[in-house]
Amino acid sequence: TDESCVSGVGCQVSYNALPCDDGDACTLDDACDEGLCVGAVALTCDDDNVCTDDLCDPAVGCIFSPNTAECEDGDACTSTGCVEGECFAFAIACDDANPCTDDACDPSAGCVFSPNAAPCDDANACTLGDLCSEGACVAGEALDCANDNPCTDESCDPLTGCASTPN
């Protein structure tokens, strides 16, 4: 307020629009308005960081608190997350546990499993030279269990392989 003394009238008080401090750290451009100190503009607390929660405390101003939000780095080969206010990327494991595929990661598509022609084991003890084809293990040639003994009968058990039984 502006105070003055007018002769014959006495003290006069009028409002002004001078700058002031409203005591709120979350306002800007504080000015007098009809006898009160008022913040004209609210302080915007935004640090453009998805890994912090932005707020304004009237006593201290902007506070940027770390969070555990989801964040994105644009790479399909990483898993991302906020740690201590920063976005961290962790490599993902591309492993389909199939020996007949080559496992890789494409940053734009993610995990890619390409068929290969590697040697493999079809879990049948009666085959040899098993190879991968179109992403699956294909049985190789049949195991020859012949032992040239006319007194035994030869057979093959898929779990144990060749067996000779006396005849």
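Assorted remarks:
- In a DSSP loop and with at most 13 other Cβ atoms within 10 Å, the chymotrypsin sites (Phe, Trp or Tyr not before Pro) in region 8-98 are 15.
- Cut-off 12 Å, label 7 Å out along Cα→Cβ of residue 2, residues of region 17-56 by amide N: 17-18
- Each residue of region 85-98 was assigned a 3J(HN,Hα) from its phi angle through the Karplus curve 6.51 cos²θ - 1.76 cosθ + 1.60 (θ = phi - 60°); the sequence is x, 10, 8, 10, 10, 10, 5, 8, 8, 9, 9, 8, 6, 10 Hz, with glycine and proline shown as x.
- Sequence-ordered 3J(HN,Hα) estimates for region 137-153 from the Karplus curve with 6.51, -1.76 and 1.60 and θ = phi - 60° stand at 7, 10, 4, x, 6, 5, 5, 8, 9, 5, 10, 6, 10, x, 9, 10, 9 Hz, glycine and proline given as x.
- Applying both filters, DSSP loop and at most 16 other Cβ atoms within 10 Å, to the GluC sites (Glu not before Pro) of region 1-73 gives 34, 70, 72.
- Under 5 Å, built H, 5+ apart or other chain: amide partners of residue 71: 81, 82
- No Cys partner within the rule (Cβ under 4.7 Å), the chain: 5, 11, 32, 151
- Taking amide H as placed 1.01 Å from N in the peptide plane, residue 87 has no amide H partner under 5 Å among residues 5 or more places away or on another chain.
- Listed options for Cα extents along the principal axes in Å are (1) 79, 44, 31; (2) 62, 52, 32; (3) 144, 28, 17. The value calculated from this structure is the one marked (3).
- Pairwise FRET efficiency - residue 164 versus residue 128, Cβ, R0 = 22 Å, nearest 0.05: 0.75
- Point-to-point label distance, residue 144-residue 45, nm (Cα→Cβ direction, 7 Å offset): 8.3
- Relative contact order (%) - the chain, alpha-carbon pairs under 8 angstrom, separation at least six: 10
- Distant-in-sequence amide H partners of residue 110 (H built 1.01 Å from N, under 5 Å): 76
- A DSSP coil position with no more than 14 other Cβ atoms inside 10 Å describes the following GluC sites (Glu not before Pro) in region 104-155: 134.
- Across region 111-121, coupling constants 3J(HN,Hα) worked out from phi with the 6.51/-1.76/1.60 Karplus curve, θ = phi - 60°, read 5, 10, 10, 9, x, 10, 10, 6, x, 8, 10 Hz, and Gly and Pro carry x.
Read-outs: derived from the displayed coordinates by stated rules, not from any lab. Computed from a prediction, not measured in an experiment: that's the story for all the values here. A quick note on method: Cβ atoms are made from the backbone with ideal geometry, for glycine too, and the neighbour counts reach across all protein chains shown.
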